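*Asks:* Sharing a structure with you now.
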There are 2 protein chains.
Amino acid sequence: MTAIPWLTQLQENGYRLTEARRAVVETVQGSTHALTPLQVFDLARKKYPALGLVSVYRTLEKLEELHLIQRVHQPSGCQAFISAGSGHQHLLLCQNCGKVEFFEGDDLEVLTEAIARRTGYQIKEHWLQLFGLCQNCQ
Amino acid sequence: MTAIPWLTQLQENGYRLTEARRAVVETVQGSTHALTPLQVFDLARKKYPALGLVSVYRTLEKLEELHLIQRVHQPSGCQAFISAGSGHQHLLLCQNCGKVEFFEGDDLEVLTEAIARRTGYQIKEHWLQLFGLCQNCQ
DNA sequence: TTGTTATTGAAAATCAATTTCAATTAGAGA
DNA sequence: TCTCTAATTGAAATTGATTTTCAATAACAA
């Protein structure tokens, strides 16, 4: 989990490596919590004080486009991002501190097939997300 | 599925019954599709042309507070609302037209318990949502 | 019918996100 | 290493959704 792979991916896709991008990438990649653009801005400015908020938005946009990060939907809002787990992953979020755990192993085919049959929908995708309290916040 | 129950609930909670509220309530309650505030505004103005957009926001806020409607989260955005199914319900959304079906019968306890054990999280809540194409849109 | 108080729509304000723009800088080629 | 050019930058302006303010209106209890 070093900062190199994401920067390399950006570079391989024709984007230049700048201080602003490095600061944003290192901040998001190193985080176990979902972060809003503003939170990324505040954290990344500690590494690179000249950083502008606009560059945060622009970098997050590119990281999302490359599927390196994903948007996190919560009752409290849908602006936060977390690194995209590899493969088909779901999220478990701490309602208190925002800490994120990934999990796979959902077996929803039986359910989705039954619902497809009943409703006549052609089911393409599913979202499964758990909320709770992490060990620290209980 | 008449418009009376929601209006009654509003009244019982100390809110007055006005033309603006009636128009918004009838629009949202009668819809099988998730609607954004702007869509509600456009539809409800056909019933009550003097309606202001602000009253749409204010009425939706009250309906959400009384758990009569719920916000719908989608990859394309999270501004739309649909009536809240009774009991523990999940959503199946048409990716094309936004039509919504409700379903229950998810049996995620085995999964959530396993994840709780592995992660140490105390799991409180889950979101399960399916996306696909409804019969009309296939 | 009257009085009070919640509710209204319009306009202004707010907030997050996007666009514009001139200055800067990464990095390819000399 | 130096030069050039196009991508990138941060600041400021703009946008679009939502919220707040406010004086006028209307619901509804007495």
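The values are calculated or read from the model by the stated rules, or taken from the named source; none is laboratory data. Predicted model only: the values in this text are computed from it and were never measured. No Cβ is skipped: glycine too gets one built from the backbone with ideal geometry, and neighbour counts run over all protein chains shown.
*Asks:* Tell me the residue from A:VAL24, A:VAL28 that is under 12 Å from the mean Cα position of the chain (by Cα), away from chain B (no Cβ under 14 Å), more than 13 Å from DNA strand C (Cβ to nearest atom) and assigned to a helix (DSSP H, G or I), please.
*Replies:* A:VAL28
*Asks:* Would you mind finding the one in A:LYS99, A:LYS62 that is assigned by TED's automatic domain parsing to the domain that holds A:LYS124 and not acidic (Asp, Glu)?
*Replies:* From the options A:LYS99, A:LYS62, the qualifying one is A:LYS99.
*Asks:* Please specify each residue of region B:67-81 satisfying the condition of being within 12 Å of DNA strand C (Cβ to nearest atom) and hydrophobic (A, V, I, L, M, F, W, C).
*Replies:* Once the filter is applied, which keeps residues that are within 12 Å of DNA strand C (Cβ to nearest atom) and hydrophobic (A, V, I, L, M, F, W, C), region B:67-81 yields only B:CYS78.
*Asks:* Do the conditions hold for A:ARG16, that is, is it modelled with pLDDT of 95 or more and part of a loop (DSSP other than H, G, I, E, B)?
*Replies:* Yes, satisfied.
*Asks:* Further question: Restricting attention to region B:31-49, report how many residues are within 14 Å of chain A (Cβ to nearest Cβ) and near DNA strand C (Cβ under 10 Å from one of its atoms).
*Replies:* Summing the residues that are within 14 Å of chain A (Cβ to nearest Cβ) and near DNA strand C (Cβ under 10 Å from one of its atoms) in region B:31-49 gives 0.
*Asks:* Tally time: how many residues in region B:80-117 are within 9 Å of another protein chain (Cβ to nearest Cβ) and surrounded by fewer than 12 Cβ atoms within 10 Å (Cβ to Cβ)?
*Replies:* Residues that pass the stated criteria total 2.
*Asks:* One residue is enough: does region A:62-71 have a residue meeting the conditions in contact (Cβ under 8 Å) with a residue 40 or more places away in the chain, in contact with a strand residue (DSSP E or B) (Cβ under 6 Å, 6 or more places away or on another chain), within 13 Å of DNA strand D (Cβ to nearest atom) and assigned to a helix (DSSP H, G or I)?
*Replies:* There is at least one residue in region A:62-71 that is in contact (Cβ under 8 Å) with a residue 40 or more places away in the chain, in contact with a strand residue (DSSP E or B) (Cβ under 6 Å, 6 or more places away or on another chain), within 13 Å of DNA strand D (Cβ to nearest atom) and assigned to a helix (DSSP H, G or I).
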